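One structure below.
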Amino acid sequence: GTNGLPTIISKLKVNGRVYYNAIVACYELGPEAKPAIPDLVELLNGGYTRGYIGAALGQIGPDAIGPLIQALTNEDAQVRTEVVSSLGNFTGKDSIQMSNAIPVLIKSLGDESPFVRSFAANSLGYIGNEDKIVIPALIKNLNDSNDEARYCACLALGKFGTRATSATPSLLTAIHDSNGNVRGTAAIALVQIEPDNETRINSLMPILIENIKGIGGKDTNFRSTTATALGLCGEKAKQAVPALLEAANKTSGYEHQEIVIALKKIDPEATANAGLK
């Protein structure tokens, strides 16, 4: 418990694997580990960029946002990437500190590192607030020179759902992108923004089915995300049922469950007949 916090903080200063154990301890303590914030951020600033610090700070709470933002001045792009990614861990925490993070993330959409730009877009999508300034900024990044930055912008816009209708024209351009991942995520976003537009859904179906089967015959990174988006469309997405049933038989765990949930929304009878629960 908190009685061990001084020892935990001291271990954040010791080189070696003990870093990891101390960070996990902070994660478990959550808000009670608030005194560890400066040392966690110092460790991050020193180059410890493995994802765990951001998760721990997210559990500790919004008080960690200010110190995290200060770390964005770090010259190491990996550190800045970790910072913008970590800010997405504060989703749902409505606070003054959280509102301070959004302008910083928007600024990071223009960072010289494509990884920072990509993860900044992801975090803005997870947070899902301040539509009027975030959505135009994400639309601008649909023209980014980096493929990953473009498809992260697509995914982020999709998370705003029907609030992102202003992005529709740009996303319709993005479905003709030279990169398959961008085309696939643009289609996902369009479906999330207009889940009742049957004409649009039908026109995007070849891309959406390719997402499910695997972009280029192998890339299935967006399979469950596509299934979830199609689930929003209900029976309007019935064309995708054969591909979803096939995917359900090839997957397990979280991905399998997301596909089954989508199938139940689209075609409950076909889902039951396939023995999927």
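The values are calculated or read from the model by the stated rules, or taken from the named source; none is laboratory data. Owing to the predicted nature of the structure, the values given are computational and were not obtained by experimental measurement. Reconstructed Cβ throughout: ideal geometry from the backbone, glycine too, with neighbour counts over all protein chains shown. Protein only, heavy atoms only, side chains kept; ligands, DNA and RNA dropped before computing areas. Shrake-Rupley method; radii C 1.70, N 1.55, O 1.52, S 1.80 Å.
Let's see how each residue does on (1) over 26 Å from ALA149 (Cβ atoms); (2) among the small types (Gly, Ala, Ser):
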position	(1), (2)
GLU42	yes, no
GLY54	no, yes
ILE69	no, no
VAL83	no, no
PHE90	no, no
ILE102	no, no
LEU105	no, no
GLU112	no, no
PHE119	no, no
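Please specify each residue of segment 121-139 satisfying the condition of being open to solvent by 20 Å² or more (accessible area, probe 1.4 Å) and part of a loop (DSSP other than H, G, I, E, B).
Within segment 121-139, ASN129, GLU130 qualify.
Read through the list (1) in contact with a Lys or Arg (Cβ under 8 Å, 6 or more places away or on another chain); (2) open to solvent by less than 10 Å² (accessible area, probe 1.4 Å); (3) under 17 Å from LEU232 (Cβ atoms), then give the number of the only condition that GLU194 fails.
Going through the list (1) in contact with a Lys or Arg (Cβ under 8 Å, 6 or more places away or on another chain); (2) open to solvent by less than 10 Å² (accessible area, probe 1.4 Å); (3) under 17 Å from LEU232 (Cβ atoms), GLU194 breaks only (2).
Would you check which residues across segment 221-277 are within 21 Å of GLY180 (Cα to Cα) and of a type in the set (Ser, Thr, Tyr) and list them?
SER224, THR225, THR226, THR228
Among the residues of segment 96-119, is any under 23 Å from THR226 (Cα atoms), modelled with pLDDT of 95 or more and open to solvent by less than 10 Å² (accessible area, probe 1.4 Å)?
yes
Is it the case that GLU269 is open to solvent by 60 Å² or more (accessible area, probe 1.4 Å), without any contact (Cβ under 8 Å) to a residue 12 or more places away in the chain and more than 21 Å from PHE160 (Cα to Cα)?
yes
Can you name every one of the helices (runs of 4 or more DSSP H) wholly within segment 142-259 that holds 1 or more residues which are touching a Leu at 6+ places or on another chain (Cβ under 8 Å) and either polar (S, T, N, Q) or closer than 30 Å to GLU112 by Cβ (or both)?
147-159, 168-174, 180-193, 223-233
Going by what's in this entry, would GLY184 be described as surrounded by fewer than 21 Cβ atoms within 10 Å (Cβ to Cβ), touching a residue at least 24 places away in the same chain (Cβ under 8 Å) and touching a strand residue (DSSP E or B) at 6+ places or on another chain (Cβ under 9 Å)?
no
Only one of (1) over 18 Å from the mean Cα position of the chain (by Cα); (2) closer than 24 Å to CYS154 by Cα; (3) among the hydrophobic types (A, V, I, L, M, F, W, C); (4) open to solvent by less than 20 Å² (accessible area, probe 1.4 Å) fails for ALA229. Which number is that?
(1)
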